[in-house]
Amino acid sequence: MPLSTTISCLLAAGALAAMPLTAAPAGAQVSSAQPESRSGAQLSDDPRMDWWRDARFGMFIHWGLYAVPAGEWDGTTTHAEWIRTTAQIPLETYDGFVEQFNPVNFDADAWAAMAADAGMKYIVITTKHHDGFALYDSAFSDFDIMATPFKRDIMAELAEATRAHGLEMCWYYSIMDWHHPDYLPRRGWEAADRPEGDADMDRYVMHLFAQVTELLTKYGDIGVMWFDGEWEATWNSSYGEALYKLCRALQPDVIVNNRVDKGRGGMAGISDEGYFGDFGTPEQTIPATGIPGVDWETCMTMNGHWGYNAADKDFKSTTDLLWKLGDIASKGGNFLLNIGPKADGSFPQESIDRLREIGDWMDVNGEAIYGTTASPFDTLPWGRCTAKIGDETSTLYLHVFDWPTSGVLRLDGLGSETLSATLLADPGRAVGVEQHDGKAYFQVGTGAPDPHSSIIKVEIVGRPIVYRAPVVHTQSTILVDPIEITLSTSSPELEARYTLDGSEPDASSTLADGPITIGETCVLTARTFHHGNAVSGTTRVNFERVLPQPATGAQGAHPGLRREVFEGKWDALPDFANLTPVATQQSDTVALPEEYGKEYVAHRYTGQLRIEKAGAYTFALTSDDGSILRINDELLLDNDGLHGSETVTGVVALDAGWHPITIEWFNKTGGAGLSLMMGPVGGELKTIENTALSHD
Ligand code: H79
């Protein structure tokens, strides 16, 4: 079948539906008002993810025409891979870099060797960045490497070298494209030079699919397809789904990042539930805690730029990079560390130096990174922990950033019996261990054995038992009717005991071995016990039985809500009282009109909400950018501000009848979205039917 026919078939939704898909959309459901314990949610058992989870460490490479100006334009030196847009370079001028791109020192084997020696297990390179230039020989573009004096397919050479060094070859591909005539939107500043003409986004998407097909058919097995630029308003979830499925159809085992679809909530990078993509992509940031049940990878620059910037000498230290690697691994994520090669094909010397030092550390300490899972502990004052868990024995790797001056390292909350402790950087040094009262003391001696991060390898019996206060699983802390809650501990060896009168639980307090019914206002106090002894602090939750808010509204004449549309440029919700709507519409529910693609806009939805049965209800408001929800003229949910798709939830007790409701929303630029779901506490959340809404 010719390529174009294959793509058309894949685009047809019917053909796609028939294809078996094991991939779950990225994002995890946290079912509790309290943070889940780390061991709470399991990652999928999809074997496709195995190599990637074991790898933990990869190299990102940002390389393209932008390496030629090296970050400098008109005397300003703050640019990099975005230079065409940040310096507002006209297309014809930028095209001039094609003639100048001649990386005579490019040596694929040297690059792959540096990645392998640094302990990295995969390389993700920009096959095409936002500027639209393809670093490979593309049959679908003349704006590619074959138009340069270099005329060598860099992707082909790198793929061969990367595999020769035992690493996985992975492709970055930008959805956003500032060069292709069919891509929309145009940048505001170049609108006069580059009129839209008959540009056609659907046709651009066919081009994108054709290029992605080349990348997944001409270069052997690809580990990851790493998309980017998906936040533009012209990219939508249907394109994202089709692109995800195209990748998996061409290479069933390929892993696809979450930027293929529209679910990424800003730079934090983790998708909401229900979007395509196999892993989340925090950019230049490390999540504060692990994310149960979610695969993720932090990508980060070594200095302050992705593409080569000759003036930027602000490189992170090797120690800092190794602490970041340990931090990320301790939270169950991968680290994708960037290099911005120069236009001649060489790596910056600062990057080479750091890669070598990281490699030296990995040679000794790599087992504390590869194949590890997240720390079973919450926080550790002196560093981080990674783990290899087994039923018979487990290994804890303590990453000690701050070596104890006393020569004794204290680990709080370890309930497991330790079998041995050794220092990876100094195997000859004996490490004594004492354990009592839920604390382990490691006699590690004075003087850290490694200048960056010293690893203590600790063997323990069975799976780790970690003492922490019980977690309360409840949908709400306010109730109208009785609710059921549960308590959990972090291992099966531990018990939770509780009281409902505010008193401290002791060994004779009620054991939480099933659902607990809460029917009245009370204080639940819970504590973890091991072998009959209290071993944790207490968890305390106030439950309040409330009277539902009276139904002060009345049914309006029409079903659905009134939508008023406003235009303007805002960074937060405007004060609607001083604004005149440009349109007033009727809306079945809280949702943007179909084919929504507008920027600099705000909506206000007003009307009445019918509650059938008095009770406590959960509301979930999702928006990109900001929004708020008011019920009975009181602010219930505040999701305001400039951001990607984010959800806030809250609970309110409502009487049967009609309640005044207002939703306000705005979008500045980029992706736009709005939805409101509701349901009884503990029950399923659904979109509100238009018969449960009315307005005058
Ligand atoms: O390739 C590198 C950068 O050039 C590229 N991604 C990395 C890997 C990049 N392009 N833009 N950005 C990074 C920053 C863009 C941030 C924003 Fe947004 C886009 C702000 C608003 C739209 C991200 C998406 C945060 C909210 C939505």
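The values are calculated or read from the model by the stated rules, or taken from the named source; none is laboratory data. Everything quoted here is computed from the prediction, not taken from an experiment. All Cβ positions, glycine included, derive from the backbone under ideal geometry; neighbour counts span all protein chains shown.
A few notes on this one:
- Residue 664 out of contact with any helix residue (DSSP H, G or I) (no Cβ under 6 Å at 6 or more places or on another chain), free of Cβ contacts under 8 Å to residues at least 60 places away in the same chain and away from the ligand (no atom under 16 Å from the Cβ): no
- Residues in region 287-303 that are among the β-branched types (Val, Ile, Thr) and either free of Cβ contacts under 8 Å to residues at least 12 places away in the same chain or away from the ligand (no atom under 14 Å from the Cβ) (or both): 289, 291, 294.
- Test: residue 128 is within 16 Å of the ligand (Cβ to nearest atom), among the charged types (D, E, K, R) and either within 26 Å of residue 336 (Cβ to Cβ) or modelled with pLDDT under 95 (or both): yes
- Region 113-137, residues that are part of a loop (DSSP other than H, G, I, E, B) and out of contact with any helix residue (DSSP H, G or I) (no Cβ under 6 Å at 6 or more places or on another chain): 120, 129, 130, 132
- On inspection, residue 284 qualifies as within 16 Å of the ligand (Cβ to nearest atom), modelled with pLDDT of 90 or more, assigned by TED's automatic domain parsing to the domain that holds residue 122 and surrounded by fewer than 22 Cβ atoms within 10 Å (Cβ to Cβ).
- Test for residue 230: is it within 16 Å of the ligand (Cβ to nearest atom) and modelled with pLDDT of 95 or more: yes
- When 235, 231 are checked against the criterion of being assigned by TED's automatic domain parsing to the domain that holds residue 281, buried (at least 24 other Cβ atoms within 10 Å of the Cβ), hydrophobic (A, V, I, L, M, F, W, C) and under 20 Å from residue 668 (Cβ atoms), a single residue qualifies: 235.
- Selection status of residue 172, within 16 Å of the ligand (Cβ to nearest atom) and touching a helix residue (DSSP H, G or I) at 6+ places or on another chain (Cβ under 8 Å): no
- Residue among 517, 552, 538 that alone is surrounded by fewer than 17 Cβ atoms within 10 Å (Cβ to Cβ) and not in a strand (DSSP E or B): 552
- For region 221-237, a residue qualifies if it is assigned to a strand (DSSP E or B) and among the charged types (D, E, K, R), and exactly one does: 228.
- Residue in region 669-681 that is within 16 Å of the ligand (Cβ to nearest atom), in the same structural domain as residue 624 (by TED's automatic domain parsing) and at pLDDT 95 or above present: yes
- Residue 109 among the charged types (D, E, K, R) and either on the phi > 0 side of the Ramachandran plot or within 16 Å of the ligand (Cβ to nearest atom) (or both): no
- Selected residue (only one of 145, 125, 89, 83 is crowded, with 20+ Cβ neighbours inside 10 Å, of a type in the set (Val, Ile, Thr), within 30 Å of residue 51 (Cα to Cα) and assigned by TED's automatic domain parsing to the domain that holds residue 337): 125
- Residue list for region 520-535, restricted to those being in a strand (DSSP E or B) and among the small types (Gly, Ala, Ser): 526, 534
- Among the residues of region 460-478, those that are more than 25 Å from residue 534 (Cα to Cα) and surrounded by fewer than 22 Cβ atoms within 10 Å (Cβ to Cβ) comprise 475, 477, 478.
- Residue count for region 45-86, restricted to those that are free of Cβ contacts under 8 Å to residues at least 40 places away in the same chain and under 17 Å from residue 337 (Cβ atoms): 0
- Candidate set from region 131-149 (those that are small (Gly, Ala, Ser) and within 16 Å of the ligand (Cβ to nearest atom)); member that is farthest from residue 56 (Cα to Cα): 132
- The set of residues in region 622-661 being surrounded by fewer than 22 Cβ atoms within 10 Å (Cβ to Cβ), within 16 Å of the ligand (Cβ to nearest atom) and either in a loop (DSSP other than H, G, I, E, B) or of a type in the set (Val, Ile, Thr) (or both) consists of 622, 640, 641, 642, 643, 644, 647.
- Being hydroxyl-bearing (Ser, Thr, Tyr) and either surrounded by fewer than 22 Cβ atoms within 10 Å (Cβ to Cβ) or modelled with pLDDT under 95 (or both) is not true of residue 308.
- Any hit, region 42-61, residues being within 16 Å of the ligand (Cβ to nearest atom) and more than 19 Å from residue 281 (Cα to Cα): no
- The lone criterion from (1) within 16 Å of the ligand (Cβ to nearest atom); (2) under 15 Å from residue 155 (Cβ atoms); (3) out of contact with any strand residue (DSSP E or B) (no Cβ under 6 Å at 6 or more places or on another chain) left unmet by residue 236 is number (2).
- Residues located in region 175-205, provided they are within 16 Å of the ligand (Cβ to nearest atom), within 23 Å of residue 97 (Cβ to Cβ) and either outside the structural domain of residue 86 (by TED's automatic domain parsing) or assigned to a loop (DSSP other than H, G, I, E, B) (or both): 175, 176, 177, 178, 179, 183, 187
Yes/no matrix, rows are residues, columns are (1) out of contact with any His (no Cβ under 8 Å at 6 or more places or on another chain); (2) at pLDDT 95 or above:
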{"residue": "169", "(1), (2)": "yes, yes"}
{"residue": "180", "(1), (2)": "no, yes"}
{"residue": "193", "(1), (2)": "yes, no"}
{"residue": "203", "(1), (2)": "yes, yes"}
{"residue": "207", "(1), (2)": "no, yes"}
{"residue": "211", "(1), (2)": "yes, yes"}
{"residue": "217", "(1), (2)": "yes, yes"}
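- Residue check for residue 448: closer than 17 Å to residue 412 by Cβ, within 35 Å of the chain's Cα centre (by Cα) and touching a residue at least 40 places away in the same chain (Cβ under 8 Å): no
- Residue match in region 206-220 (condition: more than 16 Å from the ligand (Cβ to nearest atom), without any contact (Cβ under 8 Å) to a residue 40 or more places away in the chain and more than 26 Å from residue 46 (Cα to Cα)): yes
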